[in-house]
Amino acid sequence: MVAAQEALAAGVGASMLRKGGNAVDAAVATCFALAVTLPQAGNLGGGGFLVLWLPQAEAKHPLVPAVSIGRGQAVALNFRETAPLAVRPELFLQADGSVDRAKATRSLLSTGVPGTVAGLTLAQARYGRLPLKDVMAPAIQLAERGFPVGVDLAASLASAAPLLKADPSSRRQFFKAGGVPYRPGEILRQGDLARSLRRIAGQGAPGFYAGPVARALEGLMVQRGGLIRSADLAAYRARWQAPLHGRFRGYPVVTMPPPSGGGITLLQLLNVLEPLKLDATGANSAATIHRLVEAMNLAYRDRNRLLGDPDHVAMPLEQLQSQAYATLQRSRLDLNRHRPAAQLEADPTALGGGSNTTHVSVADRQGGLVAVTTTLNGAYGNGISVPGAGFLLNNELDDFSLKPGSANGYGLVQGAVNAIAPGRRPLSSMTPTLVFRPSGEPLLATGSPGGSRIITTVLQVLLNRLVFGLNLASSVAAPRIHSQLWPDQISIEEGLSPDTRRLLEAMGHKLVTVPAMGSANSVEVLPAKGVPVGPGVVSRPTLSGGSLGVADPRRRDAAAVAEQP
Ligand code: GLY
């Protein structure tokens, strides 16, 4: 079962399962296909995180730090973009000391050394069953022969036209002759991208980090004032890391460690919320939302002050994940009244922000699970494509704290711990997450795009499923809320009742209705008939094993595709 933000790519993943591939083959094939069919977020020129669980026989590898769960092992792969060696913080500042937002998001300066190709090829080589060329063949075909543009992509290309048309290569790649936008159903071919994919399929990561693709990327950087050079590309490595491992109401939860700020923040939130009897206050009631928001604000304060790249900064992860700390944080919650952000931390400068990233969840027949989130940061990254190589570049360096104390594109006000420096990886919110039954058997994989809203999206999917007993589809679809300390407001999707809103306002909250948040494509491994799912979750009597996929209905091109059609 594969759930992804674009249907053709999800189908590609399912076809790998049919061929005898495992969850890793399917996830990697889907991600390469998304680089073709979902150019706003799928990518070769970005980065991401992957968390997987496989049964022992497939998972064992002595060099990879792993966590044992039940009859298998979980590992985490960091293929986050890296700041180029030539980076200097002052490159992003204007004469008055403020961050130049255009440089931080729309220029070649904003691009980190891409990690996606290194990450996907490494995961596949280590844990996949199929040859890389088979796993990549469908993506090459989609790029070469073209595919019918989906409704979401057509709308997204039209709204990104000013960004993409400013770059001659992007204009040629994503628009018809004369700059005319594609309509839904029209065929988009990407010949240059197909050639790059073919090189990677033939040579693995060196097909991207050396040779013609690397030369095209460096040539663009030299010509137009970017920082990435061949030495940056040659030095890039994806890294295995021990995943973070917590427990919520008896369910083991495995998630991404820093430089994801998502995993540790998610675990902190689960720890703080666990004893609060949210099942009594109920899903999306004012009382529940108030508890979530107050806990979110405390957790984001820690995220923004304390977290960064583990290769460069020390972080109190054990303390943040401890029950003692959760008890302390819980004691700071006022269950009746909103505590204004300024009382927690004086910095009212944050802005709101858009986001684009994409998440894929896969379950295979053995219960193997993959959650992988990849990103260009903004939709279409900085909008600049590598001439002749056919892929867009990320603007991930804006995820650093370019000027500690000032807001980035997601309104996150972060500290010096996430300052930009050569060779560092910026703190992320991507939160690919796996949950297991109390017995250790795999239960679900989830994650989401959404920038700073990723963490709270994943939290709500888990609470809906594990506390409120909603099925997976309802857990993903339910209206979401988000709070991140600054701006001092609750972002809410449409769908909260007027009386809930009134009760929240009476507790001192400011509510702002925002467009749909996240795209939490998720899968669940179903228990064999009669096996209880676990405490707090309704066990459906008709289930007889297999898996369930849910494509988040917030994105129209998304789909969950089963191995058996
Ligand atoms: N670029 C969004 C994130 O990594 O959080």
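A short reminder: the numbers here are calculations on the coordinates, not readings from a lab. Just so it is clear, the model here is predicted, and its values are computed rather than measured. So basically every Cβ, Gly included, is an ideal-geometry build from the backbone, and we count neighbours across all protein chains shown.
Some observations on this one:
- Hydrodynamic radius (Kirkwood) for region 118-277, which is based on Cα pairs only, to one decimal in Å: 19.4
- Only helices enter this figure: runs of n ≥ 4 DSSP H residues, each worth -39500 (n - 2.57), summed and divided by the residues of the chain, yield -10000 deg cm²/dmol at 222 nm to the nearest 500.
- Counted charge near residue 18, where neighbours are those whose Cβ lies closer than 14 Å (Asp, Glu -1; Lys, Arg +1): -1
- The label point for residue 280 and the one for residue 171, both projected 7 Å from the Cα toward the Cβ, are 6.4 nm apart.
- Averaging the sequence gap over all C-alpha pairs within less than 8 Å and six or more residues apart, then dividing by the number of residues, gives region 397-532 a relative contact order of 21 percent.
- Shape annotation for the chain: C-alpha extents along the principal axes are 61, 59, 47 Å, from largest to smallest.
- With a simple spin-label model that places each label point 7 Å from the Cα along the Cα-to-Cβ direction, the separation between residue 63 and residue 186 comes to 4.8 nm.
- Cβ-based exposure ranking for 372, 550, 180, in which fewest neighbours within 10 Å come first: 180, 550, 372
- For region 325-460, Kirkwood radius (reciprocal of mean inverse C-alpha pair distance, Å): 17.6
- Charge dipole of the chain about the Cα centre (unit charges at C-beta), most positive-ward option of 476, 1, 253: 1
- Net length available on complete extension from residue 331 to residue 502 is 59.0 nm, with 0.36 nm assigned per residue and the Cα-Cα distance removed.
- Net dipole in debye of the chain [+1 Lys, Arg Cβ; -1 Asp, Glu Cβ; about Cα centre; nearest 20]: 620
- Here the residues 482, 61, 359, ranked from fewest to most Cβ neighbours within 10 Å of their Cβ, fall in the order 61, 482, 359.
- Percentage relative contact order, region 316-436, counting C-alpha pairs under 8 Å, at least six apart: 20
- Extreme residue, positive dipole direction of the chain, given options 310, 548, 333 (C-beta unit charges): 548
- Shape of region 235-275, Cα gyration tensor, a/c cut at 1.5: oblate
- Dipole axis of the chain (+1 Lys, Arg; -1 Asp, Glu on Cβ), positive-most option in 50, 292, 177: 177
- Difference of contour (0.36 nm per residue) and Cα-Cα distance, residue 242 to residue 564: 112.6 nm
- DSSP beta bridge pairing in the chain, given as percent antiparallel to the nearest 5: 90
- Local electrostatic count, residue 106, Cβ distance below 14 Å [Lys/Arg +1, Asp/Glu -1]: 0
- Label-point gap, in nm, between residue 366 and residue 158 - each point 7 angstrom along Cα→Cβ: 4.7
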